[in-house]
Amino acid sequence: MAHADPDALTLLALGEPAPDRSTEDHLRTCASCRSEVEALREVVALGREARAELDLPAPPEAVWNRIAAETGQEAIAPVVPLRRPPRRWRAFLAVAAVAAVVGASGAIVVERAMRTAPAVTEQLVAQTDLVRLGTAPDTARGTAQVVRTDGRTVLRVSVDGMPAPEGLYQVWLYDGAAVMIPLGVLTGGQADMPIPAGVDLRTFGVVDVSAQRLGQQEHGVSMLQGNLS
């Protein structure tokens, strides 16, 4: 029995009317053609669900080769036209083609997002060199910066040439007279310490690094200091 024209079945799967009465009559009696129309409709549904991704421009050959390399497959060779596949395989090949395009489009979307993700910006507000005091060794030195980053303000402290403490090193903001605000413990030679909201750096403009005994609450022995500007 002769089957319906494949182009006519494709139009039906896309929601178009049958091109002629004979195609409608044939579908009523041919289970094979009805099955092919249903398979093609599934392909159309997949394509419509992925419309947003399929609207992307065609990726260059380098992208396909990179995808092949990451998945352990051979690089995609240029397409060479072959003989028309058997009828029952055409729907399967169409579904496979849609899946491949959707997968590749997803890889392109991820790559674009990584390229266009905004970089974290930092604004330098104030800084100072930390000068050793008499209690610190000659090799001791450091820097302190007030930085606005990722929606918060931090004091970035970096020190070098300091001996291993018997307890720990504590960082403070100091008004230069009597009040000190503890910010945190310095470990590893560098740390970002959030500055509490409401602290006026024009008043608390001295950065102090002190040596503390374990469990000591009050200010210990100042090792390094600097005035923010």
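Using a Förster radius of 35 Å, what is the FRET efficiency between Asp5 and Asn65 based on their Cβ-Cβ separation? Nearest 0.05, please. Efficiency at R0 = 35 Å is approximately 0.40. Remark: segment 136-229 is approximated by an ellipsoid whose semi-axes, taken from the C-alpha gyration tensor as √(5λ), come to 20, 15, 13 Å, largest first. Residue separation of Arg21 and Leu168 scaled by 0.36 nm, minus their Cα-Cα distance, works out to 43.9 nm of gained length. 3J(HN,Hα) along segment 191-204: 6, 9, 10, x, 8, x, 4, x, 6, 8, 6, 6, 8, 9 Hz, from the Karplus curve 6.51 cos²θ - 1.76 cosθ + 1.60 with θ = phi - 60°, whole Hz, x for Gly and Pro.
Database remark: amide H of Leu133 closer than 5 angstrom to the amide H of Leu224, Gln225 (H placed geometrically; neighbours at sequence offset of 5 or more, or on other chains; Pro and chain starts carry no H).
Summarising the label geometry, the points placed 7 Å from Cα in the beta-carbon direction at Val185 and Gln216 lie 1.4 nm from one another. Evaluating 6.51 cos²θ - 1.76 cosθ + 1.60 at θ = phi - 60° for every residue in segment 169-181, the Karplus couplings come out as 10, 10, 9, 10, 9, 10, 7, x, 10, 9, 10, 10, 10 Hz, glycine and proline recorded as x. So, R0 is 22 Å and r is the distance between the beta-carbons of Ala178 and Asn227; what FRET efficiency does that work out to, to 0.05? For R0 = 22 Å, the calculated efficiency reads 0.85. Potential lengthening of the chain between Ser32 and Gln123 amounts to 25.9 nm, from the contour at 0.36 nm per residue minus the alpha-carbon distance. Rounded to 0.05, the FRET efficiency of the Asp150 and Glu42 pair, given R0 = 45 Å and the Cβ-Cβ distance, is 0.45.
Readers should treat all values here as calculations from the given coordinates under stated rules, not as data from a laboratory. All of these numbers come straight from a predicted model, not from anything done at the bench. Using ideal geometry, Cβ is built from the backbone for each residue, glycine included, and neighbour counts are taken over all protein chains shown.
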